[in-house]
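For reference, the structure is listed below as structure tokens.
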Amino acid sequence: MTSKPGLNDGYVYREQVEAAAVGRTALAWMTDRYRHSSEAEWRARFLRGEVQLDGVTATGDEVLRAHQELCWHRPPWQEGETPDSFELVYEDEALLAVIKPSGLPTMPSGGFLKNTLLSFVRLRWPEASALHRLGRATSGLVLFSRTREAAARLSLSWREGDVEKRYRALSDGVAAQDDYDIRAPIGLVPHPLLGTVHGASAQGKASSSSARVLERREGQTLFEVRIHTGRPEQIRIHLAFIGHPLAGDPMFAAGGLPREQEPGLPGDGGYLLHAETLAFTHPLSGERLRLHAPPPPGLRTAAESSDPVA
């Protein structure tokens, strides 16, 4: 099932004026920082009274000072269609684990506010909080806490590397090796529409992934990927870095940087990536849990596809 298009309630985007903005006008800063909109579009928002500076309606001509607060009161907008269902795989008094379908954002972002996994989960469990997120096009396991204690303990486990995450990914090109240890740092790199996005960067943060070939196909490779750090877009960037970008990925090219010609946006789909396994120590019982989300057909091996039990 898919969600029906409809207006949401609008949203207030807040930011504190940072050093790079000091001395610039509010209009110039918003235009440069949020390049999804033109200067004319931002000027129209100021004229409609949608932008405030320290709680006062701004004109756009104000010269910004450090520590001021800029707020854009975005009016209600119609969100795009998304799947509106998920599969529950684990539930107790502290935790929930669900399988997110491809095409559904985990959290509000990129033009989606109501049509998100978090919103749909909270219709049934209002206390739930997502402990991590998957990209909109990525399917698979997402873990939610139901209590503050569970959230605190699992967040610590995540930081200490106690949580094991295994994914499946279909990549372009036939892999020459069976196993890859990928350690390309990930940081901000140029993007023509957004200014910057995450990509492979020598100046970025240390990042680590392990990729193992599950199956070689004509012109493609099916990988199992374990991520040992949690950088944004890590699997897409790391597989592209070793010369095997995800098949159908509109954004990343071989090398782990945005495509030179008309690169897509981070939320764009077209590729197959699935969070298959999540293993962690239960925050209350101490039991080691291993949860599994069966991969979609395109990410199954030939043997799995022929086995009716797989």
Can you compute the FRET efficiency between V89 and R226 using 1/(1 + (r/R0)^6), with r the Cβ-Cβ distance and R0 = 22 Å? Round to the nearest 0.05.
0.65
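What is the count of Lys pairs in the chain whose alpha carbons sit under 26 Å apart, if the two are 8 or more places apart or on different chains?
Working: K4/K100; K4/K114; K100/K114; K100/K165; K165/K205.
Pairs that pass both the separation and distance tests number 5.
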When a/c is below 1.5 the answer is rounded, else prolate if a/b is larger than b/c, else oblate, so apply that to the range 196-310 with a ≥ b ≥ c taken from the square roots of the Cα gyration tensor eigenvalues.
oblate
In the range 1-77, which trypsin sites (Lys or Arg not before Pro) fall in coil by DSSP and have 11 or fewer other Cβ atoms within 10 Å?
R48
The range 1-142, accessible area per residue, ligands and nucleic acids excluded (1.4 Å, Å²)
52
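Need one number: % antiparallel among DSSP beta bridges in the chain, to the nearest 5. Display every interim value, and only then the final one.
Numbers: 67 of 69 bridges.
Expressed as a percentage, antiparallel bridges in the chain total about 95.
Tell me the mean residue ellipticity at 222 nm calculated for the chain from its helices only (DSSP H runs of n ≥ 4, each -39500 (n - 2.57), averaged over every residue, nearest 500). Display every interim value, and only then the final one.
Working: 6 runs with 48 residues, N = 310.
Rounded to the nearest 500, the figure is -4000 deg cm²/dmol.
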Where GluC sites (Glu not before Pro) fall in DSSP loop in the range 11-108, at most 14 other Cβ within 10 Å
E18, E81, E93
Ignoring ligands, DNA and RNA, what accessible area per residue does the range 173-307 give at 1.4 Å, in Å²?
47
The chain - percent of accessible surface contributed by carbon and sulfur, probe 1.4 Å
51
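Assuming a viscosity of 1.002 mPa s and a temperature of 20 °C, what translational diffusion coefficient in µm² per second does Stokes-Einstein assign to the range 159-205, Rh being the Kirkwood radius over Cα pairs?
D = 155 µm²/s.
So, R0 is 45 Å and r is the distance between the beta-carbons of T196 and T59; what FRET efficiency does that work out to, to 0.05?
Working: r = 28 Å, r/R0 = 0.62.
The pair T196/T59 has a calculated efficiency of 0.95.
Within 10 Å, Cβ to Cβ, of H198, how many net charges do the neighbouring residues add up to if Lys/Arg are +1 and Asp/Glu are -1? The partial results should precede the final answer.
Values: positive: K205, R231, R236; negative: E233.
Taking every Cβ under 10 Å from that of H198, the sum is +2.
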Starting from the exponent 0.38 and prefactor 2.2 Å, build the expected Rg for the chain from its residue count and divide its actual Cα Rg by it.
1.09
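Can you give the extra length, in nm with one decimal, that the chain gains between R74 and L188 once fully stretched, where that is 0.36 nm per residue apart less the Cα-Cα distance?
Working it through step by step, the gained length comes to 38.4 nm.
Taking 0.36 nm per residue of separation and subtracting the Cα-Cα distance, what length does fully extending D9 through D181 add?
57.4 nm
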Any idea how far apart L47 and E127 come out in nm if each label point goes 7 Å out from Cα toward Cβ?
5.1
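The values are calculated or read from the model by the stated rules, or taken from the named source; none is laboratory data. Just so it is clear, the model here is predicted, and its values are computed rather than measured. In this analysis, Cβ positions are derived from the backbone assuming ideal geometry, glycine residues included, and neighbour counts consider all displayed protein chains. Note: areas computed on protein heavy atoms with side chains; ligands, DNA, RNA excluded. Shrake-Rupley method; radii C 1.70, N 1.55, O 1.52, S 1.80 Å.
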